[in-house]
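Asker: Quick one: structure below, then a few questions.
The values are calculated or read from the model by the stated rules, or taken from the named source; none is laboratory data. Treat the numbers as computed from the prediction; the structure is a model and nothing was measured. Here the Cβ is made from the backbone with ideal geometry for all residues, glycine too, and neighbour counts use every protein chain on show.
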Amino acid sequence: MLQVITLPNCEPCRIHSDIKLVLPENITIDGSQWHYLVYIPWDNKYLDWVPEEYKDFFKFVLPNLKVRTTDVHTAKSISFLKDFQKNFANEKINWRVVALSLILHDCGWSQLTQQEIASSLGVKGLKLSPEAMMPKQTHAIKGQELAKRLLSEYQFDPPITIAEQDLILKSVLYHDKPQEVAGANLPLEVQILVDLDHIWSFTHENFWQDIVRKGVKPEEYLQNLQADLDSYFVTDFGKKLAQELLSKRATEI
Ligand SMILES: [Fe+2]
Ligand SMILES: [Fe+2]
């Protein structure tokens, strides 16, 4: 089932009818940029995507994930954790670090202005424009600061170690830099976090949301995602999973 929406350039466009999009109540930016602020409203049904052992921490962080569909994104991305665990079963990986990093990685968006959030989405694919670069960097830096505070306020059982905290905070800071993570050969925990974050762009929810947010037609966006896929992921498994999801998006179009 499809619904027809009007893109920012006034052209009609069909998107999936199960994608519910709303605008924030108090918008302070120019009307020509409102489409950047649409988001999928949170529903507690999305908690089902979060593994049981991380649900309490997710709920603790949730109030800091209320802009830019960060809440639905984080829940959706963590639903792929088990796929990565299966694929990397023979590697020594601290999965608690990966999960906590993922829950925290985008909390920094809550510290940014509507204008910064709008600017961060002014791209037609995955490669960042100069205007999108600054807010993207800021959300990682502010996210690292906020993540440190949230980690210190939550009672973990067993408590997280200094080494775990350091790795989580490094992951939050580097989550949007796949080239640097791959080039510096950072720990697998950081590499997997990058890919779990980036898989969101290829999911049903974000693909159709971004048609509206980025104002690009589905066929064109599909091509842009395909072109950018390789450089957007660190691990071969991340690339394979993204390719499978992209094939599903192609059939939806
Ligand atoms: Fe992010
Ligand atoms: Fe993210």
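Asker: If I ask for residues that are more than 24 Å from Y232 (Cα to Cα) and of a type in the set (F, W, Y), which ones from region 145-177 would you list?
Answerer: Y154, F156
Asker: Y232: within 16 Å of ligand 1 (Cβ to nearest atom), hydroxyl-bearing (S, T, Y) and in contact (Cβ under 8 Å) with a residue 40 or more places away in the chain, yes or no?
Answerer: Answer is yes for this residue.
Asker: Enumerate the helices (runs of 4 or more DSSP H) found wholly within region 133-225, keeping only those where 1 or more residues are over 18 Å from T70 (Cα atoms) and either away from ligand 2 (no atom under 16 Å from the Cβ) or modelled with pLDDT of 90 or more (or both).
Answerer: 162-174, 178-183, 188-198
Asker: I need every pair where a residue in region 68-79 that is closer than 11 Å to D197 by Cα has its Cβ under 7 Å from the Cβ of a residue that is acidic (D, E) and part of a helix (DSSP H, G or I), sequence separation at least 6 or different chains.
Answerer: K76/E205; S77/D197
Asker: Let me ask something else. Any idea which of (1) loosely packed, with under 14 Cβ neighbours inside 10 Å; (2) of a type in the set (A, V, I, L, M); (3) more than 16 Å from ligand 1 (Cβ to nearest atom) is the one L188 doesn't satisfy?
Answerer: That leaves (1) as the condition not met.
Asker: Kindly indicate whether W49 is over 18 Å from C107 (Cα atoms), in contact with a Ser or Thr (Cβ under 9 Å, 6 or more places away or on another chain), within 16 Å of ligand 2 (Cβ to nearest atom) and of a type outside the set (V, I, T).
Answerer: yes
Asker: Could you list, in sequence order, the residues of region 229-253 that are of a type outside the set (V, I, T), over 20 Å from A75 (Cβ atoms) and buried (at least 18 other Cβ atoms within 10 Å of the Cβ)?
Answerer: Residues satisfying the conditions are L229, Y232, F233.
Asker: Identify all residues within region 22-67 that are of a type outside the set (F, W, Y), in a loop (DSSP other than H, G, I, E, B) and without any contact (Cβ under 8 Å) to a residue 60 or more places away in the chain; write none if there are none.
Answerer: Listed by number, the residues that qualify are L23, E25, N26, D30, P41, D43, V50, P51, L65, K66, V67.
Asker: Please verify whether region 216-227 includes one or more residues that are touching a His at 6+ places or on another chain (Cβ under 9 Å) and touching a residue at least 60 places away in the same chain (Cβ under 8 Å).
Answerer: No, region 216-227 contains no residue that is touching a His at 6+ places or on another chain (Cβ under 9 Å) and touching a residue at least 60 places away in the same chain (Cβ under 8 Å).
Asker: Would you mind stating whether D71 is surrounded by fewer than 18 Cβ atoms within 10 Å (Cβ to Cβ) and not in a loop (DSSP other than H, G, I, E, B)?
Answerer: Against the criterion (surrounded by fewer than 18 Cβ atoms within 10 Å (Cβ to Cβ) and not in a loop (DSSP other than H, G, I, E, B)), D71 does not qualify.
Asker: Only one of these conditions is not met by K142: (1) basic (K, R); (2) out of contact with any helix residue (DSSP H, G or I) (no Cβ under 8 Å at 6 or more places or on another chain); (3) within 16 Å of ligand 1 (Cβ to nearest atom). Which number is it?
Answerer: Failed condition: (2).
Asker: What number of residues in region 191-212 are among the charged types (D, E, K, R) and surrounded by fewer than 21 Cβ atoms within 10 Å (Cβ to Cβ)?
Answerer: Residues in region 191-212 being among the charged types (D, E, K, R) and surrounded by fewer than 21 Cβ atoms within 10 Å (Cβ to Cβ): 1 in total.
Asker: With the requirement that a residue be surrounded by 17 or more Cβ atoms within 10 Å (Cβ to Cβ), in a helix (DSSP H, G or I) and within 16 Å of ligand 2 (Cβ to nearest atom), what does region 88-115 give you?
Answerer: Matches in region 88-115: V98, A99, L100, S101, L102, I103, L104, C107, G108, W109, S110.
Asker: If you scan region 8-35, which residues turn out to be over 18 Å from Q209 (Cβ atoms) and at pLDDT below 75?
Answerer: C10
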